[in-house]
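Working notes, beginning with the structure itself.
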Amino acid sequence: MRILFLIAVAVFFAGQIKAQQIAYINSGSLPPNGLQTTGGQGGQPFALGLEFTVNSNSAVVISQLGAYDATIGSSGLGFGSPVQVGIFSEASQSFVSPTVTFSGTVGSVAGSYRFQSIPDLTLYPGTYMVVAAGYGIATAPDWNAVVAGISPSPIQLNGGGGALTMGSSWYANNGSQLQPAIINGGAGALFAAGSFVYTVSVLQPASSSFTFILDEPSKTSAGVFKPDGTLIRTLWSKVRYAAGTNSAVWDGLDDNGNVMPAGIYQIKLLQHNTEYVWDGAIGNTSAEASGPTVHRGFYPMRDMVITGTNAFYVTGYNEGGYDFHSFLTTDPQHVKAAWYWVYSPQFDRVTSIPATINDRNWIWTTTDGNWVYFACDSTLNPTTQANNYPGCVIACKVSDNSPGYFTTGGLIPNGSDAPLPNGIYVGTQPGLSGLSVQQNGNLLAVAIAPDNRVYIRDKQSGAAVTSFSVSSPKRLNFSPDGNLWVISGNSVICYTNLNSNPSDQP
């Protein structure tokens, strides 16, 4: 099994857009980020927010922001107080454009508005507001926001005077300036204060073709991911492709049919030839209702390994029972053997007894055909007896289940209970999270998730060989070629050169 990483680039092109509706929204909910929001007669808040929607599959490029200037065509003196204009995104609840300030006669005149250029700002589908603030500052009142038939002027935008009505709209002509609109309501009309100049394009999904090479006919699955690893589109699953160079196409949409913006995306392809073959049932159903051949445990099976016709499994914490079990694959409904080795200092001998309340959480097992290795996630602190000590690995022989002794190992204390006869601690803290052994090599791999490391030991002596950093490693497994595959987050990473300088491979 391998994962191939390919890169695709999505591109979009210009087209036409329908008229955009723009309606008033209560400015009381607007944050003041970057905009002045005090003023008006008596110092009441005064800001104009006019909502507009960029339609699905559309994009609007804003090139200028403008503010209504009532002196144009009369005195021409410009703004009596500074007015600020910005574009606010309702999705992000923040201003997405620069804040442009108008004072006096600054800006170029178009119609009854003054405009200033900004760097091109592309607005993708969503709801926005063009917000103007600063009209009618109490110390320098002006009437740039004209209210007809209502006094005093300008009005508050918190409902005072009743001059604004939801549902009124502006209409935009393709490629032109938004025209001033009259918002009807109450006893008068308010000229909208903010505006912008824009060009329009329609986003079309761009078909991005890509190729991938298979060294043999394989089942494949593929998906499109953002650079941060987020899956946005499943292209196909469990589809067989021929060996050699193959091609496919992504239509530029996500799984919900939305057009993705231009950018760089990863296409990840999984190749395998794994087949599910029914090989009979193992389960934990026993042929007898009681007796030494019954599969039993405090909890269900946690991990199992098979070598030849011998199967071994662990059931985690197993108070009152034996931790380690074996059966023949030719007779899966009968337990062949169950044991738990401890060392008795009083009689200086190793014996097999059921586990007690101090039983460890045995959740990992692996084998090379000669030894079977068992691992627990944590052990008791030899000094304080607290369950805060690193996990350990012990071993037994496949042939007769007798203890396997690491030459660098030693007794593993277990509180008031008899110690384990021989084992090795691994890592710096509890949290052993994976175990695997090479079939033909000499290495034993142990993952410790809280350490963010994988530790490599000699599988017979238990001596440290090396270790390397892996983010929160989980299950791991040696492949037949001796390389180590480790699950980290949502990724599977292959490591080579394990005896000298471990390195990850794509």
Can you figure out the FRET efficiency of N452 with Q385, using R₀ = 30 Å and their beta-carbon distance, to the nearest 0.05?
0.65
Count neighbours as other Cβ atoms within 10 Å of each site's Cβ, and list the chymotrypsin sites (Phe, Trp or Tyr not before Pro) in region 215-296 that are DSSP loop with at most 11 such neighbours.
Y276, W278
Whenever you get a sec, compute what percent of the accessible area on region 417-506 sits on carbon and sulfur atoms (1.4 Å probe).
44 percent
Distance from region 292-333 to region 455-506 (C-alpha centre basis), Å:
27 Å
If you roll a 1.4 angstrom probe over the protein chains with everything in place, what fraction of the accessible area of region 223-354 belongs to carbon and sulfur, to the nearest %?
53 percent
Could you do me a favour and compute the accessible area per residue for region 434-506, 1.4 Å probe, result in Å²?
47 Å²
Answer rounded, prolate or oblate for region 309-455, using the Cα gyration tensor with square roots of eigenvalues a ≥ b ≥ c: rounded when a/c is under 1.5, else prolate when a/b is larger than b/c, else oblate.
oblate
D400 accessible area, 1.4 Å probe, all protein chains in place, Å² to nearest 10
90 Å²
Contour minus Cα-Cα span, M304 to E288, at 0.36 nm per residue, comes to 3.6 nm
On average, how much accessible surface per residue is there in region 352-396, in Å², for a 1.4 Å probe, leaving out ligands, DNA and RNA?
33 Å²
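The values are calculated or read from the model by the stated rules, or taken from the named source; none is laboratory data. Keep in mind that what you see is a predicted model, and the values were worked out from it rather than measured. Backbone-built Cβ (ideal geometry, glycine too); neighbour counts: all protein chains shown. For accessibility, only protein heavy atoms count, side chains too; no ligands or nucleic acids. Shrake-Rupley method; radii C 1.70, N 1.55, O 1.52, S 1.80 Å.
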